[in-house]
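Worksheet: the structure to be examined is printed underneath.
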Amino acid sequence: MGLRNRNLFLDKKCFFVTTSCYKHLKLLETDFCKLIVAKSLNFVALKYKISIFGYVIMPNHFHVLLYFNNENKLSDTLRDLKKFCAFEIRKYLESKESELLNWLRIENEKQVFKVWNDRFDDVWIGNKELLEVKLEYIHQNPLQSHWNLSEYPENYKYSSAAFYLGNQDNVVEIIDYRDIFD
């Protein structure tokens with residue numbers, strides 16, 4: 001369940017965040033779209049001084065463990081990330097003349113296409129044990145039977161699992177949580 005009263009958590013630093021594509025459409029199925037999300041995660045990490053402890057980018061959603069090194073700007077972070085990704089994903093789908101564009105059209109004065117669900121879910125991570133539970137969940141996500149994207153967590157390219165086994169080559173820059181959570 002997300003933290004709808006986020007103002008109560010402004011002094012907190014670490015969060016498990018999930019956001020999903022509009023109507024749970026598989027808008028992130030291609031490598032190109034997954035890389036859009038990865039690039040945006042790297043950008044907001046720099047902009048808001050965030051350490052990313054873990055992530056997985058799935059075909060219709062992503063999970064990320066964020067740690068705010070300075071001020072907690074969770075809502076601003078997700079707003080910027082989703083806005084950039086929405087623009088780039090829409091542009092990509094237009095270039096491919098994808099049928100998915102018809103599913104993204106909405107009747108709204110403010111926008112013509114919708115890529116993300118309006119909200120995101122977040123869970124405050126207050127200790128190392130909960131962080132490790134969420135990190136394991138992230139890394140196991142591609143192995144779930146309804147996804148079956150990989151046989152082993154570390155083989156899924158759009159996840160931090162390989163990082164924690166010593167592979168530093170990641171599309172998202174990861175900071176080892178053990179450097180901060182002791």
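The table that follows gives values for the structure above.
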{"read-out": "3J(HN,Hα) from dihedral phi, segment 154-169, Karplus parametrisation 6.51/-1.76/1.60, rounded to Hz, x for glycine, proline", "value": "5, 8, 7, 5, 9, 8, 8, 4, 5, 4, 6, 10, x, 7, 7, 7"}
{"read-out": "Virtual spin-label span in nm between LYS96 and PHE43, 7 Å along Cα→Cβ", "value": "1.9"}
{"read-out": "Amide hydrogen neighbours beyond the local backbone of ASN170, cut-off 5 Å, H modeled", "value": "none"}
{"read-out": "Entries in LYS12/LYS157; LYS39/LYS83; LYS23/LYS157; LYS47/LYS82; LYS83/LYS134 that, when Cα-Cα distance is taken, lie over 22 Å", "value": "LYS12/LYS157; LYS23/LYS157; LYS83/LYS134"}
{"read-out": "Distance (nanometres) between label positions extended 7 Å along Cα→Cβ at ASP11 and LYS23", "value": "4.5"}
{"read-out": "Spatially proximal aspartates and glutamates relative to LYS13 (Cα-Cα < 17 Å; intrachain offsets below 8 disregarded)", "value": "GLU71, ASP76, ASP121, ASP122, GLU129, GLU132, ASP176, ASP179, ASP182"}
{"read-out": "Packing-based order for 55-67, 90-102, using average beta carbon neighbours within 10 Å, highest first", "value": "55-67, 90-102"}
{"read-out": "The chain shape via C-alpha gyration tensor axes, a/c threshold 1.5", "value": "oblate"}
{"read-out": "Net lengthening on full extension, ILE106/SER145 (0.36 nm per residue, minus Cα-Cα)", "value": "10.8 nm"}
{"read-out": "Reachable aspartates and glutamates from LYS34, criterion Cα separation under 18 angstrom, eight or more residues apart if same chain", "value": "ASP80, GLU88, GLU94, GLU154, ASP169, GLU173"}
{"read-out": "From phi via Karplus (6.51, -1.76, 1.60), per-residue ³J(HN,Hα) for segment 44-59 in Hz, x at Gly/Pro", "value": "5, 4, 5, 4, 9, 6, 10, 9, 9, 8, x, 6, 8, 10, 9, x"}
{"read-out": "Length released on extending from ASN117 to ASP76, taking residue separation times 0.36 nm less the Cα-Cα span", "value": "13.2 nm"}
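Just so you know, all these numbers are worked out from the coordinates, no wet-lab data involved. These numbers were taken from a predicted model, which means no experiment stands behind them. Reconstructed Cβ throughout: ideal geometry from the backbone, glycine too, with neighbour counts over all protein chains shown.
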